[in-house]
Amino acid sequence: MDLKRKSLLSFVFGFALCVSITTADLSYSVPEEMRPGSIVGNIAKDLGLEARKLFTRKARIDTEENYQHYCDIDLKTGDFVIREKIDREELCGEKVSCMLKFELVLESPLELHRISLLIQDVNDNTPVFPKETIKLEIRESAVKGARYRVNEAHDADIGQNTVKQYSLQKNEHFVLSVRDDSDGSKSVELVLDKELDREKEHDLNFMLIAVDGGVPQRSGTANIHVTVLDANDNAPVFDRAVYKASLPENAAVDTIVVAVSASDADEGINGEVTYEFSRISERAKNVFSLNSKTGEIKVIGPLDFESNSKYEMRIDAKDGYGLSSDSKVMIDIIDVNDNAPVVYLKSLTNPMPENVSPGTEVGIINVQDRDSETSGQVRCSIQQNVPFKLVPSIKNYYSLVTTGQLDRELVSDYNITITATDEGSPPLSSSKTVQLSVADINDNPPVFEEQSYSAYVTENNTPGSTLCSVTARDPDWRQNGTVVYSLLPTEVNGASVSSYVSVNGDTGVIHAVRSFDYEQFRSFKVHVMARDNGSPPLSSNVTVSVFISDVNDNSPQILYPAPEGNSFMTELVPKAAHGGSLVSKVIAVDSDSGQNAWLSYHIVKSTDPGLFTIGVHSGEIRTQRDISESDSMKQNLIVAVKDNGQPSLSATCSMYLLISDNLAEVPELKDISYDEKNSKLTSYLIIALVSVSTFFLTFIIIILGVRFCRRRKPRMLFDGAVAIPSAYLPPNYADVDGTGTLRSTYNYDAYLTTGSRTSDFKFVTSYNDNTLPADQTLRKSPSDFADMFEDLQDSEEVGAFQISVFV
């Protein structure tokens with residue numbers, strides 16, 4: 001009674017909270033019909049938990065039943081709150097105690113706390129009679145004190161809020177008698193207090209009122225209609241006061257549960273008994289039916305042991321004139337293994353990082369089976385080809401943990417099938433597939449497809465042209481697998497590598513920044529780095545060797561003789577030269593390499609095509625035959641030097657050869673054609689040389705004349721002018737060692753006598769031993785001159801001087 005009073009007071013003030021903590025279990029009690037958002041209690045405070053950790057530990061309210069939506073936890077404050085109005089009568093029916101069981105689940109580590117919520121009844125239902133009008137047929141012969149049973153009122157509330165008292169509207173004939181039965185019900189009877197007189201009143205009407213004990217009180221009424229008849233002495237009597245029956249929950253529709261039976265000693269219409277439910281719940285009405293004539297109770301709806309395992313009802317047996325009696329029927333539902341286990345995924349860390357260590361908890365599994373006893377015992381299993389296992393935890397909870405190292409690059413997604421099987425007969429099972437993704441960790445650096453790369457490019461390439469492409473693969477995902485390419489800072493020929501090549505950061509394509517010249521450098525190396533966008537980023541390097549191919553872009557350069565137009569080279573060839581004699585040599589080089597630098601020499605034009613030949617690869621000019629008297633003294637050769645490139649490039653030069661043994665025999669060289677651009681300079685040089693020579697000769701003549709006059713000798717120094725070869729030697733007249741032509745500097749000894757008008761030259765030995773011998777050039781040998789001079793010593797004065805000719 002004290003508990004009831006407290007519940008009433010709690011309803012008056014809103015709600016009351018009772019908390020008891022035992023072995024980490026919580027119990028609360030609240031009145032029904034509380035508004036959503038009402039606070040039941042503070043779970044965090046009652047369990048000694050920090051409210052701020054509820055979110056990180058993924059705190060949640062769970063239940064094995066279907067009333068999870070009624071309550072929840074506020075993760076910010078730790079309050080246990082009402083989410084939806086709770087109707088105790090809908091949830092628990094006529095049960096005296098309406099207890100909702102919840103579970104508080106915490107992760108990291110897994111904790112389970114049971115929460116019991118007692119729903120207190122409030123007086124929200126009024127008493128209701130089975131029928132609004134109770135009809136009784138009573139014979140006028142009925143004696144005073146005769147009792148007539150009427151159906152009691154039903155109140156869905158319990159305890160103090162159920163029906164507590166009845167009252168009868170004041171009338172002349174009947175009073176009310178109410179007594180409590182052993183099963184807690186009340187027996188309501190009308191007692192005849194004054195005999196009936198059919199001649200005065202055929203029908204009587206008055207009200208029966210039922211009042212509950214709630215605050216405030218609620219009441220219900222029924223109209224009693226009494227019809228006065230002739231005598232009816234006996235009421236129906238049941239053969240049993242309580243009928244008990246049981247049937248499995250999978251019983252088919254139209255299954256007969258039990259048959260009630262009542263007999264009436266009267267005969268005729270007074271002995272005809274009919275049956276009807278006098279008290280039955282709404283749930284029972286949807287499941288069972290009563291045959292009013294046979295008293296058979298049949299199944300008309302689905303039975304479910306898990307929803308309602310027991311039904312109680314009252315049945316009235318009534319004769320033809322309204323006398324009745326009642327009996328109680330109790331039906332027990334037997335559980336069968338008709339519910340397969342259900343696997344619930346309560347928590348899952350998805351995606352799971354691939355670097356977690358074995359034994360890491362991935363998720364929490366809860367298995368429920370609504371069946372009872374062995375049919376509700378469940379075992380779980382997991383497929384064998386995944387690196388996971390189930391570890392039993394608290395009650396029907398299992399932890400899904402890793403058994404090995406995860407690698408997203410090998411397996412990025414797992415479909416984990418969990419199978420739950422109960423112990424029923426036959427056993428039932430169900431499966432649930434959990435999809436788990438493996439989160440990528442930047443644990444793989446980019447890897448180039450090749451250990452090194454080689455790029456080949458021809459020189460004179462276009463800036464911006466593609467050299468090659470490098471590719472690196474990173475098996476990681478998204479930004480961890482996105483590769484960016486860059487050049488490592490190095491130098492090529494003293495300049496930054498970025499001034500030679502560039503790399504596309506996204507594609508790895510290497511482009512030339514400038515045009516390359518094979519003659520400057522033939523190869524260089526570039527270091528390319530591939531870096532991912534992970535945190536921290538990983539990278540790898542590769543070496544790219546760039547090889548520059550030669551292009552025939554350089555013409556041969558003639559070192560000797562100078563190319564035509566730049567100088568005027570003349571070679572002297574002895575008349576006695578035999579076939580095969582080396583006359584001269586053309587020397588040329590090519591800056592290119594390989595076959596582009598393979599040079600070949602050709603005579604493209606000559607005065608006498610059959611006289612000279614040139615070595616194709618050596619450039620040596622030789623006579624093809626012996627020189628004859630008919631050959632022209634002046635021989636012009638135009639030599640072309642070609643490389644072996646594609647297309648071939650060439651250079652030409654002119655070679656001027658003079659066939660002569662004696663300089664005196666050499667014709668005027670001034671007649672040799674010059675380049676147009678050098679003719680004016682040559683003219684100036686000739687004029688200057690003639691002027692100087694004329695001045696010098698005039699000066700010599702004057703000196704000799706003075707001396708002659710002083711000596712007063714009858715004979716002159718000369719009988720006539722000395723004839724000096726007046727051939728003009730060009731200032732660029734030169735020779736190359738080993739070619740067989742004269743050197744640029746020679747000394748000549750001239751001996752002049754006063755009695756001769758001409759004199760011969762004496763050729764002094766050349767400073768170059770390789771110069772072709774000129775012994776056959778003069779007819780007279782030096783000894784001949786010596787003999788001649790000895791003959792003249794006595795009679796003539798001989799003047800001797802040395803002339804050095806610089807050519």
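The values are calculated or read from the model by the stated rules, or taken from the named source; none is laboratory data. Since the structure is predicted, the reported quantities are computational estimates derived from the model, not experimental observations. Please note: Cβ atoms are built from the backbone with ideal geometry, for glycine as well, and neighbour counts cover all protein chains shown. These accessible areas exclude ligands, DNA and RNA; they are computed on the full protein's heavy atoms, side chains included. Shrake-Rupley method; radii C 1.70, N 1.55, O 1.52, S 1.80 Å.
Among the residues of region 517-530, are any more than 30 Å from Met352 (Cβ to Cβ), modelled with pLDDT of 90 or more and in contact with a His (Cβ under 7 Å, 6 or more places away or on another chain)? No, region 517-530 contains no residue that is more than 30 Å from Met352 (Cβ to Cβ), modelled with pLDDT of 90 or more and in contact with a His (Cβ under 7 Å, 6 or more places away or on another chain).
Close Cβ contacts (under 7 Å, 6 or more residues apart or on different chains) running from residues in region 443-463 that are without any contact (Cβ under 8 Å) to a residue 40 or more places away in the chain to residues that are part of a loop (DSSP other than H, G, I, E, B) comprise Glu449/Thr471. Flag: Glu172 does not match the condition of being surrounded by fewer than 20 Cβ atoms within 10 Å (Cβ to Cβ), charged (D, E, K, R), touching a residue at least 24 places away in the same chain (Cβ under 8 Å) and more than 30 Å from Glu32 (Cβ to Cβ).
Selection over region 428-461 of residues that are under 30 Å from Ile548 (Cβ atoms), open to solvent by 30 Å² or more (accessible area, probe 1.4 Å), in a loop (DSSP other than H, G, I, E, B) and modelled with pLDDT of 90 or more gives a count of 3. What do you reckon, is Asn366 of a type in the set (S, T, N, Q), open to solvent by less than 20 Å² (accessible area, probe 1.4 Å) and not in a helix (DSSP H, G or I)? Answer is yes for this residue. Taking residues in region 126-141 that are of a type in the set (A, V, I, L, M), and partners anywhere that are modelled with pLDDT under 80 and not in a loop (DSSP other than H, G, I, E, B), the pairs with Cβ atoms closer than 8 Å and at least 6 places apart or on different chains are Ile138/Leu229.
Tally time: how many residues in region 336-346 are open to solvent by less than 50 Å² (accessible area, probe 1.4 Å) and under 16 Å from Asn415 (Cα atoms)? Result for region 336-346: 1.
Quick test of your reading of the structure: Ser486 fulfils all but one of (1) over 16 Å from Asn541 (Cα atoms); (2) part of a strand (DSSP E or B). Name the failing condition by number. Against the list (1) over 16 Å from Asn541 (Cα atoms); (2) part of a strand (DSSP E or B), Ser486 comes up short only on (1). Residue count for region 638-682, restricted to those that are within 17 Å of Pro574 (Cβ to Cβ) and either in contact with a Gly (Cβ under 8 Å, 6 or more places away or on another chain) or at pLDDT 70 or above (or both): 7. Flag set for Gly271, criterion: farther than 26 Å from Asp155 by Cβ, of a type in the set (Gly, Ala, Ser) and out of contact with any Leu (no Cβ under 7 Å at 6 or more places or on another chain).
Taking the numbered list (1) open to solvent by less than 50 Å² (accessible area, probe 1.4 Å); (2) more than 30 Å from Pro427 (Cα to Cα); (3) of a type outside the set (Phe, Trp, Tyr); (4) out of contact with any Ser or Thr (no Cβ under 9 Å at 6 or more places or on another chain) in turn, Asn355 passes all entries but (1).
For region 45-71, a tally of residues being open to solvent by 40 Å² or more (accessible area, probe 1.4 Å) and over 38 Å from the mean Cα position of the chain (by Cα) returns 9.
Checked against the criterion of being over 26 Å from Ala156 (Cα atoms), of a type in the set (D, E, K, R) and open to solvent by 50 Å² or more (accessible area, probe 1.4 Å), the candidates Glu296, Glu312 yield just one match: Glu296. Please find, within region 369-381, the residue that is surrounded by the most Cβ atoms within 10 Å (Cβ to Cβ) out of those that are farther than 9 Å from Ala420 by Cα and of a type outside the set (Asp, Glu). Step by step, filter region 369-381, then rank; the result is Ser375.
Within region 281-293, restricting attention to residues that are open to solvent by 30 Å² or more (accessible area, probe 1.4 Å) and closer than 25 Å to Pro236 by Cα, the residue that is farthest from the chain's Cα centre (by Cα) is Lys293. In region 72-88, what count of residues is obtained for those that are open to solvent by 20 Å² or more (accessible area, probe 1.4 Å), without any contact (Cβ under 8 Å) to a residue 40 or more places away in the chain and in a loop (DSSP other than H, G, I, E, B)? Of the residues in region 72-88, 4 are open to solvent by 20 Å² or more (accessible area, probe 1.4 Å), without any contact (Cβ under 8 Å) to a residue 40 or more places away in the chain and in a loop (DSSP other than H, G, I, E, B). Listed by position, the strands (runs of 3 or more DSSP E) inside region 89-164 whose residues that are open to solvent by 60 Å² or more (accessible area, probe 1.4 Å) and out of contact with any Lys or Arg (no Cβ under 6 Å at 6 or more places or on another chain) number at least 2 are 99-106, 133-139. Looking at Tyr398, is it farther than 25 Å from Phe102 by Cα and open to solvent by less than 50 Å² (accessible area, probe 1.4 Å)? It is false that Tyr398 is farther than 25 Å from Phe102 by Cα and open to solvent by less than 50 Å² (accessible area, probe 1.4 Å).
Being among the basic types (Lys, Arg) and either more than 31 Å from the chain's Cα centre (by Cα) or surrounded by fewer than 19 Cβ atoms within 10 Å (Cβ to Cβ) (or both) is true of Arg473. Residue pairs whose Cβ atoms lie under 7 Å apart, sitting 6 or more positions apart in sequence or on different chains, and linking a residue in region 394-411 that is in a loop (DSSP other than H, G, I, E, B) to a partner that is of a type outside the set (A, V, I, L, M, F, W, C) and open to solvent by 50 Å² or more (accessible area, probe 1.4 Å), are Thr403/Pro358; Thr403/Lys389; Gly404/Pro358; Gln405/Pro358; Glu409/Pro475.
Screening Asp517 with (1) acidic (Asp, Glu); (2) part of a strand (DSSP E or B); (3) open to solvent by 20 Å² or more (accessible area, probe 1.4 Å) gives one miss only, at (2). Has region 493-502 got at least one residue that is aliphatic (A, V, I, L, M) and part of a loop (DSSP other than H, G, I, E, B)? The answer is no; no qualifying residue exists.
When you check Thr77 against the structure, is it more than 13 Å from Glu32 (Cα to Cα) and modelled with pLDDT of 90 or more, yes or no? Yes.
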